[in-house]
Each structure stands twice: as structure tokens, then as C-alpha cells.
Amino acid sequence: MLGVAPPVHHQLPAYPIRPAVAGLLVACGLSNAEICVKVRLAETAVKSHMQSLLGKLGVHGRLRAAVAAYDAGLVRPHGS
């Protein structure tokens, strides 16, 4: 019988609030344009925050950043 591996809990470094919020919104599935509206920033600023966040997390791509947010317990699936 195959067991399910327990989730890996990453301890995320501290971030300034706007890049952190942008990262959480990515984990919720929002696009850069949607994040711009939510946090009232220009799209270039959101892109810059995302690049910074990806670098700090040591991941490549929005999907891996979203996985890191879920693994760290910062985001829960809908209905949880």
C-alpha cells in the first residue's frame, strides 16, 4: 500500500507587505493584472515584486511560488 507523504512545511523568509500580498494572490490564482487592481500598483511594479519574491523563494515560476505558499500553510484550498 502506498502512503501519502506528509506536506513539506517551508519556513518562508519575512517579506515587505506588498510583495508578500502579491505572492499570496498568485497562490490564489490571480493574474498580474488582477493583482494590480487588488493592491493598487502598476503592473510593472507587480512584475518586479513577483521577480523579487521568486528569487527569495528560490523558485522559478508562479506555480512553484503558489506551491510554496500552500506548503507553508499561508493559503488553503477553497472549502477547507
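The values are calculated or read from the model by the stated rules, or taken from the named source; none is laboratory data. A quick note: this is a predicted structure, and the numbers were derived from the prediction, not measured. Here the Cβ positions follow ideal geometry from the backbone for every residue, glycine too, while neighbour counts run over all protein chains shown.
Key figures
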item: Residues (assigned to a loop (DSSP other than H, G, I, E, B) and in contact with a Lys or Arg (Cβ under 8 Å, 6 or more places away or on another chain)) located in the stretch 28-77; result: 30, 41
item: Qualifying residue in the stretch 40-58 (condition: under 19 Å from residue 76 (Cβ atoms), modelled with pLDDT of 85 or more and not aliphatic (A, V, I, L, M)); result: no
item: Neighbours by Cβ (under 6 Å, 6+ apart or cross-chain): first from the stretch 42-57, touching a residue at least 24 places away in the same chain (Cβ under 8 Å) and on the phi < 0 side of the Ramachandran plot; second surrounded by fewer than 15 Cβ atoms within 10 Å (Cβ to Cβ) and small (Gly, Ala, Ser); result: none
